[in-house]
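**Student:** Handing you this structure, nothing more for now.
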Amino acid sequence: MRTLMLIILISTISISIARSQGIQNNFFTRSESKTYGHLSTELDPSLSVALGVGHVFSIQEKKVLTSLAINSPLALFGKSAGIAIAGSTFLLDNEWDIRTTVDLRTKFFSNNLSHGSTYNFNVTVNPGYYQDKWFSSLSISYRKYLMTYRKHTTEYREVFPEVRDGWYTNDSGLIFIGVAGGYFFNNVELNASLSAKLPDNFEDYAPFLLPVFFSLGANFSF
């Protein structure tokens with residue numbers, strides 16, 4: 001529990017720069033490498049690409065991977081981008097283990113209606129079977145949307161003059177339930193995950209919300 005609180009603290013300190021998938025490295029406790037690179041693509045809700053770096057620290061004899069990733073949807077490249085800060089560790093240090101990850105994310109956007117940024121907090125647990133060369137696990141995540149800042153465009157104000165700029169709170173969230181797996185060879189990890197995506201109240205299905213989340217990634221150790 002103390003290790004988990006340390007991960008949350010690491011992520012919280014970095015709240016000013018967060019969104020996009022953190023590094024999904026599942027072999028850092030079984031390798032002597034300390035620094036990792038990351039490349040992934042994900043569908044959430046549009047197809048996007050992420051690049052990242054990570055470093056392993058030892059906290060009270062427990063290995064903790066911290067990472068920074070930058071993400072952009074391919075269809076909105078140059079108009080939308082995000083940054084994520086994540087912390088991850090294994091709770092049991094056994095073949096049957098639980099990988100726990102917390103991260104803070106922000107997404108910067110610009111369109112014909114407004115410009116601004118959104119912020120969310122994510123917790124993921126991956127209980128599964130972790131060998132030296134491969135792993136298979138369940139994937140259970142909760143994403144809590146925190147707040148959004150909007151500055152509306154002149155065109156939007158001409159239609160809705162009463163609209164206000166500023167911070168908006170958000171009490172919605174998403175639940176992800178699925179599976180993940182990966183293979184490790186020559187200091188390279190390939191991994192993939194597929195999850196069903198549900199609103200946290202199981203009622204408010206937004207029209208843009210895809211019912212699935214998919215990611216495919218590769219990690220490189222140095």
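**Student:** Scan segment 198-222 and report the pairs whose first residue is among the acidic types (D, E) and loosely packed, with under 12 Cβ neighbours inside 10 Å and whose second residue is modelled with pLDDT of 70 or more and not in a strand (DSSP E or B), with Cβ atoms within less than 9 Å and a gap of 6+ or a chain change.
**Tutor:** D204/S172
**Student:** Test each condition in (1) modelled with pLDDT of 90 or more; (2) closer than 23 Å to G178 by Cα; (3) in contact with a helix residue (DSSP H, G or I) (Cβ under 8 Å, 6 or more places away or on another chain); (4) of a type in the set (A, V, I, L, M, F, W, C) for V56 and report the one that comes out false.
**Tutor:** Failing condition for V56: (2).
**Student:** Any residue that is among the β-branched types (V, I, T) and at pLDDT 95 or above - is there at least one of those in segment 103-120?
**Tutor:** Looking through segment 103-120, none of the residues is among the β-branched types (V, I, T) and at pLDDT 95 or above.
**Student:** Give just the number: which of (1) within 22 Å of the chain's Cα centre (by Cα); (2) closer than 22 Å to W96 by Cα does K133 not satisfy?
**Tutor:** All conditions pass for K133, except number (1).
**Student:** Just wondering, is there one or more residues in segment 92-102 that are surrounded by fewer than 16 Cβ atoms within 10 Å (Cβ to Cβ), in contact with a Gly (Cβ under 8 Å, 6 or more places away or on another chain), part of a strand (DSSP E or B) and modelled with pLDDT of 95 or more?
**Tutor:** yes
**Student:** On the basis of being of a type in the set (S, T, Y) and either farther than 22 Å from G37 by Cα or not in a strand (DSSP E or B) (or both), does Y183 make the cut?
**Tutor:** The answer is no for Y183.
**Student:** Something else: Search segment 92-115 for residues that are without any contact (Cβ under 8 Å) to a residue 12 or more places away in the chain and pair each with any residue that is surrounded by 15 or more Cβ atoms within 10 Å (Cβ to Cβ) when their beta-carbon atoms are under 7 Å apart and the residues are at least 6 apart or on different chains.
**Tutor:** Matching pairs, first to second residue: L92/I98.
The values are calculated or read from the model by the stated rules, or taken from the named source; none is laboratory data. As the structure is a prediction and not an experimental result, all values here were calculated from the model. Counting neighbours? That spans all protein chains shown, and the Cβs are built from the backbone with ideal geometry, glycine included.
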